[in-house]
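Below you'll find the structure, written out as structure tokens, and then a few comments.
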Amino acid sequence: MYQKRINTSSLYPPTSAEGDIRIGCGIFGAISFKNEPIFPSVYWGLRAQNHRGHQSHGFLTYDSERFYLHKSLDLVPKLKTSAIQEWFGRLPGSIGIGNVRYTTSGKCDDQSIIKGTQPMTAEANGAKVAVSFNGNIVNTQQLKMELNGQFQDYTCSCDSDLVCQKLLLELMRQKDLALAVKPVMESLDGAFSVTGITGNGDFFAFKDPHGIKPLCAGHSPDGKVFAFSSETVSLDINGLIRDFELNPGELATVAEDGLKRQQLIANPRKAFCAFEYAYFARPDSTFDGRYVYEIREEFGRNIVNEFPEITKDADVILSVPETGDDPAMGVHEASGLRWERASRRHRYVTERAFILLNDERFSTIDRKVNILGSKVEGKRVIITEDSIVRGDTTKVIIEKLRKAGAKKVYMFVTFPRIIGPCFYGIDMSTYGQLIGSNHNTEEIAKIIGADAVCYQSHESLVKATGEKSDDLCMACITGKYPTPLAQKMADEMRARFLNGFKEKTRIYETEDPAAPS
Ligand code: SF4
């Protein structure tokens, strides 16, 4: 057993815990060879990705073999010019990583959220590492047992901590980074895109063997700054040029002579999250050189082609702002119907209803979308939406449309019916919370008050992404999970759900996932 492990997070406690708590995960890391502070790049990188996690954020920089850490709740703050110098002083150094988070593992009280806020750091026996992680680990219990057996005082707070500690353990066994990362990739079941820094100042990024979550690399035009990011928007905001999307099972490192790529897992099976195209990613981000926005427009055209009779029966198109806007353009192009911008988001009610805590959801949805009543009165309306998860958001919007006098409401939904939970970093972890898990399309229409719900087909979705269906994770819409433990859990959960057992949330965190509640 190794000596008492030091969690360096506790040495640099958060400076503030102000604000309203909101909840996904976005990662960004950068290194500069210009001998200048990296903090501004990491700051802007996180600001551009705040849509991936609202609940908390954290920055970590590396200077002269020391880590400097700042963690806080809520959105990445707006910094006053006068405060910039203070931040530079607090976060010195030319290598940095950052994270925006919505918790999909660990507890949800303030203290646990801040404890689970990344970057995570760990240190023991002269080895040290910091990581920023996006994803979710499924075999947490097995890993906890392994780490408990290795570190005297180990108490796990969340899956990012597990990844950090597991990497530390392997770095203690193997000084070579690639030799340490490989067993980490092999032992974790789940989704993990990671960027990090070792105690020697090695800057790196790696992706799980299925490449479930996005992670790209870029560099500055003068070749002096390199970065890793969940989405390309964070490269754009920093004036960086995108180089490549990391491959599943790949490790990338950056040194003065540039980027080095190492494929650690031979012949991995790619399973990139299909929901990124419909909902998560920003429309101005690119995957394989195409804007997400273009793909979403194609989704809209596809639904028109798949439901010609319903399209003919409509007078006007509306969109649920904002992820419904791009498909609405596609519906407009393919149908010739007017796209009436008659549903508007209150600009400063910015929280995504999908990721809000349960008890807040209803009132906020009602508050955040405003319908321009006279524009829909007496009309047959198509409304475009990215997905239906619980159904409560859509129900409220349809009620508002009916109240405004809409004659008919047809839902055009770009992501097919969600029938199962996600164990890879999206907080829909039970069958019971998904309206599509035990209701067919007609029943869903009835529950939410629509005249019809028109889902894009799986085939059209895949075609529009430009990917092969085998290269996408579509587990929540097909029930076929890319990793073995997730499949086993999903099958067992489904059987119990159909038998009327009350589900546990986040089953991957329970001691015995198979035990009924
Ligand atoms: S299960 Fe669904 S949401 Fe989760 S990673 Fe797969 S496609 Fe994405």
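Would you kindly derive the ³J(HN,Hα) couplings of the range 134-146 from the backbone phi angles with the Karplus curve 6.51 cos²θ - 1.76 cosθ + 1.60 (θ = phi - 60°), listing them in order in whole Hz, with x for Gly and Pro?
Per residue, the Karplus-derived 3J(HN,Hα) values read 10, x, 7, 9, 8, 8, 5, 5, 4, 5, 4, 4, 4 Hz.
Return one whole number: the accessible area per residue of the range 116-243 in Å², for a 1.4 Å probe.
26 Å²
Given the -39500 (n - 2.57) contribution per DSSP H run of 4+ residues, what per-residue ellipticity at 222 nm results for the chain, rounded to the nearest 500 deg cm²/dmol?
-8500 deg cm²/dmol
Which of the chymotrypsin sites (Phe, Trp or Tyr not before Pro) found in the range 395-503 are in a DSSP loop and have at most 11 neighbouring Cβ atoms, other than their own, within 10 Å?
Within the range 395-503, no chymotrypsin sites (Phe, Trp or Tyr not before Pro) qualify (loop, at most 11 other Cβ atoms within 10 Å).
I'd like the FRET efficiency for ASP315 and GLU399, computed as 1/(1 + (r/R0)^6) with the beta carbon distance as r and R0 of 22 Å, rounded to 0.05.
0.65
Cα extents of the chain along the three principal axes, largest first, in whole Å?
Here the spans come out as 71, 54, 44 Å, largest first.
Using 7 Å Cα-to-Cβ label points, what is the GLU86/THR155 separation (nm, one decimal)?
In this crude spin-label approximation the distance works out to 3.2 nm.
Could you pull out the GluC sites (Glu not before Pro) across the range 136-218 that fall in loop regions by DSSP (anything but H, G, I, E, B) with no more than 15 other Cβ atoms inside 10 Å?
Passing sites in the range 136-218 do not exist.
With every protein chain kept in the model, how would you rank GLU340, GLU306 by accessible area, 1.4 Å probe, largest at the top?
Heavy-atom accessible area, descending, gives GLU306, GLU340.
With the convex hull built on the Cα atoms of the range 95-159, state its orientation-averaged projected area in nm².
5.3 nm²
Please report the Cα spread of the range 173-299 along all three principal axes, rounded to whole Å, starting with the longest.
49, 37, 21
Please compute P(r) over all alpha-carbon pairs of the range 122-197, binned at 5 Å starting from zero, and give each bin as a whole-number percent.
Pairs per bin, as whole percents: 3, 16, 31, 29, 18, 3.
Going by amide H atoms built from the backbone, whose H comes under 5 Å of the H on GLY211, apart from near neighbours?
The list, which skips near neighbours in sequence, is GLY249, ALA271.
Would you kindly find the accessible area of HIS54, with a 1.4 Å probe and non-protein molecules such as ligands, DNA and RNA excluded, rounding to the nearest 10 Å²?
We get 20 Å² for HIS54.
Using a 1.4 Å probe on the protein chains only, how many percent of the accessible area of the chain belongs to carbon and sulfur?
Solvent-exposed carbon and sulfur of the chain make up 49 percent of the total.
Rounded to the nearest 20 debye, what is the charge dipole size of the range 28-143 about its Cα centre when +1 sits on each Lys and Arg Cβ and -1 on each Asp and Glu Cβ?
Dipole about the Cα centre, nearest 20: 200 debye.
Could you calculate the contour length gain from ASN305 to LYS446, that is, 0.36 nm times the residue separation minus the distance between their Cα atoms, to one decimal place in nm?
So the chain would gain 48.4 nm between ASN305 and LYS446.
Taking the Cα atoms of the range 420-502 alone, what are Rg (to one decimal) and Dmax (as a whole number) in Å?
In Å, with Rg to one decimal and Dmax whole: 14.2, 40.
The values are calculated or read from the model by the stated rules, or taken from the named source; none is laboratory data. Since the model is a prediction, treat every value here as computed from it, not as a measurement. Note: ideal-geometry Cβ built from the backbone for every residue, glycine included; neighbour counts use all protein chains shown. The protein model used for the area step is the full one, side chains on, heavy atoms only, and it has no ligands, DNA or RNA in it. Shrake-Rupley method; radii C 1.70, N 1.55, O 1.52, S 1.80 Å.
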